[in-house]
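Only one structure is covered here, and it is reproduced in the block below.
The values are calculated or read from the model by the stated rules, or taken from the named source; none is laboratory data. This is a predicted model, so every value here is computed, not measured. Cβ sites come from the backbone with ideal geometry, for glycine too, and all protein chains shown count toward neighbours.
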Amino acid sequence: MAGLKQITVAYYGYRLGTKGWRPEFDENALPSLVDELSTRLEPMGVTVSFVAEPQNALEVTGYGDLLNTIRLRSPKDHIGNLCLGHVIGQSRDCNLVEDVRRGVTRVAFAPETIEPEGSHKVVCHNCGCGC
């Protein structure tokens, strides 16, 4: 396992900030999604793990905020704790499962295409990740 790139998917959880919007995803599906990704990527030198950090729950009022609740970490790539929105930019279909897959794959195989923390990315959505 020492030679594998390690990616951690951290889930902060959320508090709904508005009554008019509810996310359409099952947060209990995230650990099995991460297991599936790890199984698929391990032959290519990448291991993926999941950690829940409910003590960091964020207020969510829309899909952009929901992306903030997922953080990707990859020490080998100097990716400390970027929110999923920073990694993927704008979501194509507002499908969190597909967005997590896309983000993990990007960190695994194209981390150089991710703007570094503190780069004042134009699509910043004020999640506090530093983008």
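Of all residues in the range 53-87, exactly one satisfies the criterion of being surrounded by 14 or more Cβ atoms within 10 Å (Cβ to Cβ), acidic (Asp, Glu) and within 22 Å of Lys5 (Cβ to Cβ), namely Asp77.
Of all the numbered requirements in (1) modelled with pLDDT under 90; (2) surrounded by fewer than 16 Cβ atoms within 10 Å (Cβ to Cβ); (3) over 15 Å from the mean Cα position of the chain (by Cα), Gln90 misses one, and that requirement is (3). Selection of the range 43-61 for residues being more than 18 Å from Val87 (Cβ to Cβ) and out of contact with any helix residue (DSSP H, G or I) (no Cβ under 9 Å at 6 or more places or on another chain) yields Pro43, Pro54, Gln55, Ala57, Thr61. For the structure I just gave you, tell me whether Cys127 is within 17 Å of Gly13 (Cβ to Cβ), at pLDDT below 90, surrounded by 16 or more Cβ atoms within 10 Å (Cβ to Cβ) and of a type outside the set (Lys, Arg). Yes: the conditions hold for Cys127.
Quick one: which residue in Gly20, Gly13 is exposed (fewer than 15 other Cβ atoms within 10 Å of the Cβ) and touching a Leu at 6+ places or on another chain (Cβ under 9 Å)?
On the way: Gly20 fails: touching a Leu at 6+ places or on another chain (Cβ under 9 Å).
Among Gly20, Gly13, only Gly13 is exposed (fewer than 15 other Cβ atoms within 10 Å of the Cβ) and touching a Leu at 6+ places or on another chain (Cβ under 9 Å).
Test Thr39 against the criterion of being of a type in the set (Ser, Thr, Tyr) and touching a Leu at 6+ places or on another chain (Cβ under 8 Å), and give yes or no. No: the conditions fail for Thr39. Residues considered: Ala29, Ala10, Ala57. Of these, the only one that is among the small types (Gly, Ala, Ser) and in contact with a Phe, Trp or Tyr (Cβ under 6 Å, 6 or more places away or on another chain) is Ala57. Within the range 19-59, being modelled with pLDDT of 95 or more, in a loop (DSSP other than H, G, I, E, B) and either more than 19 Å from Pro111 (Cβ to Cβ) or under 16 Å from the mean Cα position of the chain (by Cα) (or both) holds for one residue alone: Glu53.
Condition check for Arg102 on (1) surrounded by 14 or more Cβ atoms within 10 Å (Cβ to Cβ); (2) in contact (Cβ under 8 Å) with a residue 24 or more places away in the chain; (3) farther than 24 Å from Gly20 by Cα: one failure, at (2).
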